Amino acid sequence: MINLVKMSLQLFWIIIEDIVNLTTTALKYFPVFRQLLPNTQKKTIYYSRVKGLESISPLLKSIDETPQPILANVKGDFPKWLRGNLLRNGPGKFEFGNDRYNHLFDGMALMHQFRIDDGIITYISKFLHSDAYCINRAHDRIMVSEFGTVAMPDPCKSIFERFTSRFEILDATDNGSVNFALYKGDYYATTETNFIHKVNPHTLETEEKINLTKYIAVNGATAHPHYDPDGTTYNMGNSYGKHGTMYNIIAVPPQMSDDEETLQGAKIVCGFEPVDSLNPSYYHSFGMTKNYIIFVEQPLKINVMKILTSKLRGKSIGSSINWDPELNTIIHVANKHTGEIIPLKYYTKAFCIFHHINAFEDDGFIVFDICHFESGHFLQNLTLQNLQKDGEELDEIYNTSPKGFPRRFVLPLNICSNTPIEHNLNTLTYSSASAFRRADGKIWCESEKLYTDDLLNEGGLEFPQINYAKYNTKKYTFFYGCGAGHVVMDSLIKMDLETKTFKIWKEKGYFPSEPIFVPCPDSVEEDDGVILSVVISPDQCKNSMVLLLDAKTFTERGRAEVPAQMPFGFHGVFAKC
């Protein structure tokens, strides 16, 4: 009964909000009306003052796939031991017929493969044959709604059918354009819904569509699972039911010889209960140590009622996500082996997070590092219309977008009734992060900056990667990321966490992708390996390429150029042969 009252009140305020939005639109186009209402405009916050950014519009346009291998022009030294497929995923088609997508997250998945073998490199790309892609292509119009785009009713339907379709709940898209995930030894193109697609890493053929709800009671999962050395895959997914929303930890066991089903044996390890079940937090990733899962419940909130009524109101799912800086961020911890929820909850001031860097345990503490944003006011900046601007308008989009910087939290696990109040509980000598037990029982945390002000000049960084095979869940020194000196990443950065200094690769007119670390055979030192990154350019005269850096010195060892244009992408993996 209480939930029903809450839902009714929420629906009422949604209607009021839509009226306010219509009023705001009227004020925009009919300035004379502004004199009738008080000024409620919020002051614009600037996070930087950059001028003269290069237009990246060509990186956000549809391209044709390249199904037949193109031989790359290799320059420099690609080591003989480096053999495998560098796979990348991201949007590659931004319209069907006269219909255009609105947001960077909406474009149809285009998969890329750079095959590296004995110093010879070839390139292919293919569209993921999701239902969304096939249906849209068959009708030559957008038939499936995406994050920032609502599919309009089919004009071939009757007026009554078009009207009643407005009252349907939006179907989840299966456009797996975010990343590749590994389950039971197979690669899957993923997004954040309950659908994943098995993909052949050698041919990029779409092989099988999997509905996660067939195996586990979740309505979606992240595109950033974690992996244990034994082959177990951990992930997170929401569930919505009569008891409200839950954040669930998922475990998929390694491949067994008698497994008949793709995700046979998958289970929910445990579930975290949200502070507000009708307004759960959006999350893109999570943290994992040897024994624990770390989940950050951030004030980037999903309005469930808005999603349920989005088709009726003609609003996208993205418009149902809102940043509330008045709320605290809450950090939850659970034992990933037993499913036991740690009764402690850790609180800190509002921040936004997309990607975790690494996490480990040390002397009764959990240490976890993230790319930290002071604000969540940037999803609206990532519309295609905004990103395709140029001149001062593009500068404005960049300067009003929050920047991500690496920060560390230290969470004490051994707290009891005798633990002192308002006393810094962090005894780790190598971190200045703090944690205090308050009189109300809450543990209040303050993070440590893992950078110096020199990183401010590079716009911070995102898309963090580590030597995952050997240092995931372990104390580490180095991580790699992309510098954010533009609305898309414009440099590669190696961070040293002991000195808080960094090394950088940057070349004017080029925009690199997430750096992938590949260790040398029999490597001993943490940074003994190479970095692979796909580098693109809006200049049609410049070729796309795979860049190879020495991970230790962070200097260029080689590049493999291909005469093919590539759009901006998100994530990828290196699949060894």
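Miscellaneous remarks
- Candidate cross-link partners of LYS43 among the aspartates and glutamates, defined by an alpha-carbon separation under 17 Å and a same-chain spacing of 8 or more, comprise ASP324, GLU326, GLU374, GLU396.
- Accessible area of the chain belonging to carbon and sulfur atoms, whole % at 1.4 Å probe: 53
- Given LYS80/LYS576; LYS51/LYS403; LYS126/LYS552; LYS80/LYS552, the pairs whose alpha carbons are separated by over 23 Å: LYS126/LYS552
- Alpha carbon centroid spacing (whole Å) that separates the range 456-475 from the range 505-577: 15
- Of all lysines in the structure, those lying under 24 Å Cα to Cα from LYS345, and not within fewer than 8 positions of it along the same chain, are LYS290, LYS301, LYS336, LYS442, LYS449, LYS474, LYS475.
- Summing Cβ point charges (Lys, Arg +1; Asp, Glu -1) relative to the Cα centre of the chain gives a dipole of roughly 1100 debye.
- Protein-only accessible surface order, largest first, of TRP81, TRP323 at 1.4 Å: TRP81, TRP323
- Efficiency of FRET between SER57 and ASP140 - r from beta-carbon atoms, R0 25 angstrom, step 0.05: 0.60
- Taking every protein chain into account, the 1.4 Å probe leaves PHE127 with about 10 Å² of accessible area, to the nearest ten.
- Net charge, TYR451 excluded, C-beta distance under 9 Å - Lys, Arg +1, Asp, Glu -1: +1
- Heavy atoms of SER375: accessible area, 1.4 Å probe, square angstrom to 10: 10
- Across the protein chains, with a 1.4 Å probe defining accessible surface, the residues THR213, THR348 rank THR213, THR348 from largest area downward.
- Sorting LYS389, LYS503 on solvent-accessible area from highest to lowest, probe radius 1.4 Å, gives LYS503, LYS389.
- Each Lys or Arg adds one and each Asp or Glu subtracts one; over the other residues with Cβ under 14 Å from the Cβ of ALA469, this totals -4.
- Relative packing of 554-563, 349-358, which averages over residues the other C-beta atoms within 10 Å, highest first: 349-358, 554-563
- Label point distance in nm, GLU205-ALA469, each placed 7 Å from Cα along Cα→Cβ: 2.8
- Accessible-area value, ILE124, 1.4 Å probe, nucleic acids and ligands omitted, Å²: 10
- Think of a 1.4 Å ball rolled over the protein heavy atoms: the chain then has 45 Å² of accessible area per residue.
- Taking other residues whose beta carbon is less than 15 angstrom from the beta carbon of ASP395, and scoring Lys, Arg as +1 and Asp, Glu as -1, yields -2.
The values are calculated or read from the model by the stated rules, or taken from the named source; none is laboratory data. These figures come from a predicted structure and were not determined experimentally. Every residue, glycine as well, gets a Cβ built from its backbone with ideal geometry; the counts of neighbours run over all protein chains shown. Heavy atoms of the whole protein, side chains included, go into the accessibility calculation; ligands, DNA and RNA do not. Shrake-Rupley method; radii C 1.70, N 1.55, O 1.52, S 1.80 Å.
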